[in-house]
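J.: Okay, handing you the structure first.
The values are calculated or read from the model by the stated rules, or taken from the named source; none is laboratory data. Just so it is clear, the model here is predicted, and its values are computed rather than measured. Heads up, the Cβs are rebuilt from the backbone with ideal geometry, glycines too, and the neighbour counts pull from every protein chain shown.
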Amino acid sequence: MEYFGANKIIKQHICQNNLCTYFVGFDLDDSGNSRYRINDLIKLLIRVIPEFAFGHHMGQVTSNTEIVNTLCDAAKAVYSIDEFQKARDIYLSGNSIDDSVADKYLKRGEFGELILHLLLRDYKDTIPLISKIYFRDSLGTAVHGFDAVHIQESTKTLWLGESKLYTDGKQGVSALINDIKEHFLFDYLNSEFAIVSRKIKTLDNIPEKDYWIDLLRESTTMREQLENINIPLLCTYESPLFTKYSDDRMAAFISEYESEMLNLKQYFDTNNDHPLKSNLNIILLLFPVQCKKELVTRLHKNLSYIQSMGEL
């Protein structure tokens with residue numbers, strides 16, 4: 001089921017058990033020239049902001065007035081987070097955040113988590129279990145360390161995701177490898193699961209809530225937990241393919257795109273030395289874009305404008 005209509009803009013090209021790849025292609029402008037569909041991508045991501053900020057459990061909005069008000073409130077909630085405020089100031093001043101920045105939390109203000117949320121919802125048919133932004137905005141503290149905590153009703157699977165938005169694809173993949181080394185350890189998982197479980201109990205509209213609480217209990221074995229967990233690792237990064245080519249239907253584009261995707265997957269497999277890797281259901285998600293700086297800057301410009309509308 002598609003929640004946001006991503007398939008009209010984002011193409012899923014490779015879809016395997018452990019590798020899924022995506023891209024946004026080209027269209028014609030009013031002069032008949034080819035253009036990268038960044039405007040369409042930004043509009044799509046803006047539509048995702050309310051659910052990303054407030055969570056599926058907050059329910060649906062239907063009237064035009066509710067939609068506008070919810071979008072303004074969502075923008076305000078996003079910028080209540082220090083990382084997003086700081087990232088906005090950097091990008092709107094004409095600068096960007098380097099891949100090697102020491103403050104890894106600052107990079108969370110670059111919308112990698114938002115893109116992961118969209119891909120999981122529309123291509124994996126998941127439901128967000130909790131919204132980190134909603135709880136952090138209301139409680140003043142981070143709820144969990146994962147970039148996405150979703151569930152899949154049909155398979156009774158918990159999806160724990162991590163995301164990176166980098167200029168260089170290999171650096172992004174390398175950072176994802178470090179994330180799973182830090183997060184998929186017995187003590188870390190138990191600590192995070194305890195926090196998430198407490199928050200689930202306070203929510204409505206969570207299907208089969210007791211099942212998920214039971215799965216996250218400390219008395220459940222780690223083997224059983226890992227068997228019921230998928231780990232989507234998203235690397236959104238800048239690729240020269242989208243300046244080299246202007247038509248994603250060309251055989252040469254497709255060939256180079258597939259080669260780039262498979263090379264990054266091989267890099268991940270070669271460098272992933274997690275001691276539990278044979279027990280981890282990892283799905284590498286690769287999403288090359290034309291220009292990371294333009295994408296993030298324009299998202300911040302649009303979201304800042306929406307936030308200002310709510311302050312009028």
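J.: Return yes or no: is GLY109 free of Cβ contacts under 8 Å to residues at least 60 places away in the same chain and part of a loop (DSSP other than H, G, I, E, B)? Give the derivation first.
T.: Numbers: free of Cβ contacts under 8 Å to residues at least 60 places away in the same chain: yes; part of a loop (DSSP other than H, G, I, E, B): no.
Spelling it out, it is not the case that GLY109 is free of Cβ contacts under 8 Å to residues at least 60 places away in the same chain and part of a loop (DSSP other than H, G, I, E, B).
J.: If GLU294 meets every condition in (1) touching a strand residue (DSSP E or B) at 6+ places or on another chain (Cβ under 6 Å); (2) of a type in the set (D, E, K, R); (3) within 29 Å of ILE67 (Cβ to Cβ) apart from one, which number is that one?
T.: (1)
J.: Given the conditions (1) outside any loop (DSSP other than H, G, I, E, B); (2) at pLDDT below 90, report the number of the one that VAL143 does not fulfil.
T.: (1)
J.: Scan region 176-210 for residues that are touching a Leu at 6+ places or on another chain (Cβ under 8 Å) and under 17 Å from LYS132 (Cβ atoms) and jot them down. Spell out how you get there, then give the answer.
T.: Of region 176-210, the ones touching a Leu at 6+ places or on another chain (Cβ under 8 Å) are 176, 179-180, 183-184, 193-194, 196-197, 200, 206, 209.
Within region 176-210, ASP179, HIS183, PHE193, ALA194, VAL196, SER197, ILE200, ILE206 qualify.
J.: Step by step: first the residues of region 228-285, then only those that are closer than 17 Å to GLY161 by Cβ and aromatic (Phe, Trp, Tyr), then the one that is nearest to the chain's Cα centre (by Cα). Which residue is that?
T.: Filtering region 228-285 for residues that are closer than 17 Å to GLY161 by Cβ and aromatic (Phe, Trp, Tyr), the one nearest to the chain's Cα centre (by Cα) comes out as TYR237.
J.: Now for a separate question. Do we have any residue at all in region 235-243 that's aromatic (Phe, Trp, Tyr), modelled with pLDDT of 95 or more, over 30 Å from SER191 (Cα atoms) and surrounded by fewer than 19 Cβ atoms within 10 Å (Cβ to Cβ)?
T.: The initial filter retains those residues of region 235-243 that are aromatic (Phe, Trp, Tyr), namely 237, 242.
Then drop every residue that is not modelled with pLDDT of 95 or more, which leaves 237, 242.
In the following step, the residues that additionally are over 30 Å from SER191 (Cα atoms) were identified as 237, 242.
Subsequent filtering for residues that are surrounded by fewer than 19 Cβ atoms within 10 Å (Cβ to Cβ) retains none.
The answer is no, given that none of the residues of region 235-243 is aromatic (Phe, Trp, Tyr), modelled with pLDDT of 95 or more, over 30 Å from SER191 (Cα atoms) and surrounded by fewer than 19 Cβ atoms within 10 Å (Cβ to Cβ).
J.: Please go through (1) closer than 26 Å to LYS124 by Cα; (2) modelled with pLDDT of 95 or more for LEU276 and return the number of the only condition it doesn't satisfy.
T.: (2)
J.: Residue check: is LEU285 in contact with a Pro (Cβ under 9 Å, 6 or more places away or on another chain) and either surrounded by fewer than 19 Cβ atoms within 10 Å (Cβ to Cβ) or within 15 Å of LEU233 (Cβ to Cβ) (or both)? Please lay out each step first, then the result.
T.: Numbers: in contact with a Pro (Cβ under 9 Å, 6 or more places away or on another chain): yes; either surrounded by fewer than 19 Cβ atoms within 10 Å (Cβ to Cβ) or within 15 Å of LEU233 (Cβ to Cβ) (or both): yes.
Yes, satisfied.
J.: Further question: Would you check which residues across region 146-174 are surrounded by fewer than 17 Cβ atoms within 10 Å (Cβ to Cβ) and part of a strand (DSSP E or B) and list them?
T.: Passing the criteria: only GLN152.
J.: Right, here's the next one. Cβ-Cβ below 7 Å, separation at least six or inter-chain, first residue in region 75-94 and in contact (Cβ under 8 Å) with a residue 12 or more places away in the chain, second basic (Lys, Arg) and in a helix (DSSP H, G or I): which pairs?
T.: Note: pairs meeting the criteria are TYR79/ARG88; ILE81/ARG136; GLU83/ARG108; LEU92/LYS301.
J.: Further question on the same structure: Based on what the data block shows, is ASN271 at negative phi and surrounded by 11 or more Cβ atoms within 10 Å (Cβ to Cβ)? Step through it out loud before you land on a result.
T.: Numbers: at negative phi: yes; surrounded by 11 or more Cβ atoms within 10 Å (Cβ to Cβ): yes.
Against the criterion (at negative phi and surrounded by 11 or more Cβ atoms within 10 Å (Cβ to Cβ)), ASN271 qualifies.
J.: Follow-up. Give the residues of region 175-188 that are surrounded by fewer than 19 Cβ atoms within 10 Å (Cβ to Cβ) and more than 20 Å from LEU264 (Cβ to Cβ), sorted by residue number.
T.: GLU182, HIS183, LEU185, PHE186, ASP187, TYR188
J.: Residue by residue through region 228-252, note down the ones that are in contact (Cβ under 8 Å) with a residue 24 or more places away in the chain and in a helix (DSSP H, G or I).
T.: LEU241, PHE242, THR243
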